[in-house]
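Take a look at the structure set out below.
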Amino acid sequence: MRRFFGFAVAGGTGFVVDASVLTGLMAFTPLGPFSARIFAIGAAMFATWMINRTMTFGKSDRHVVREGARYGAVAITGAVLNYAIYSGLLLAAPNLFTPLGALVIAVAFVTVFSYVGYSRFVFSRG
């Protein structure tokens, strides 16, 4: 139950960071929803790694650089899936989905993939 709670906190925080950076960049820079999302994903990825490392799974037995590389591999794969879903929704139905609505749907689909990847590939013990 502790892992579930930690993962939910990390994911919720990541979502808030992602949505805040996306919204802020779209409001205060010339970046549009596609280019702003790339920066938002990077910020959320770093935030969730720190939370998952300290609160959810604990440090792995790997050196922090190796752990970070593994986390990055899972997170980037998840981010590509997330971005593909997000972009697909905005391109397929621009009048139906706002960038924030597409973000919510994309995050929901990638959550399970991320948990399994982090728990089995990044933070697994021995």
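Between Ala92, Ala47, Ala106, the distinction of being hydrophobic (A, V, I, L, M, F, W, C), in contact with a Ser or Thr (Cβ under 8 Å, 6 or more places away or on another chain), without any contact (Cβ under 8 Å) to a residue 40 or more places away in the chain and closer than 24 Å to Leu22 by Cβ belongs to Ala47 only. Check whether at least one residue in region 59-82 is touching a Leu at 6+ places or on another chain (Cβ under 9 Å) and over 20 Å from Val122 (Cβ atoms), and report yes or no. Taking every residue of region 59-82 in turn, none turns out to be touching a Leu at 6+ places or on another chain (Cβ under 9 Å) and over 20 Å from Val122 (Cβ atoms). Every residue in region 93-126 that is surrounded by fewer than 14 Cβ atoms within 10 Å (Cβ to Cβ), among the small types (Gly, Ala, Ser) and more than 25 Å from Ala27 (Cα to Cα), please. Matches in region 93-126: Ser124, Gly126. The residue list Thr54, Thr23, Thr29 contains one member that is more than 20 Å from Leu103 (Cα to Cα), over 11 Å from the mean Cα position of the chain (by Cα) and either loosely packed, with under 12 Cβ neighbours inside 10 Å or not basic (Lys, Arg) (or both), which is Thr54.
Being at pLDDT 90 or above and under 19 Å from Ala10 (Cα atoms) narrows it down to one residue among Ala36, Ala47, Ala92; which is it? Don't jump to the end; show me each part of the working.
Details: Ala36 fails: under 19 Å from Ala10 (Cα atoms); Ala92 fails: under 19 Å from Ala10 (Cα atoms).
Of Ala36, Ala47, Ala92, the one residue that is at pLDDT 90 or above and under 19 Å from Ala10 (Cα atoms) is Ala47.
The values are calculated or read from the model by the stated rules, or taken from the named source; none is laboratory data. The model shown is predicted, which means the values in this text are computed figures rather than measured ones. In this analysis, Cβ positions are derived from the backbone assuming ideal geometry, glycine residues included, and neighbour counts consider all displayed protein chains.
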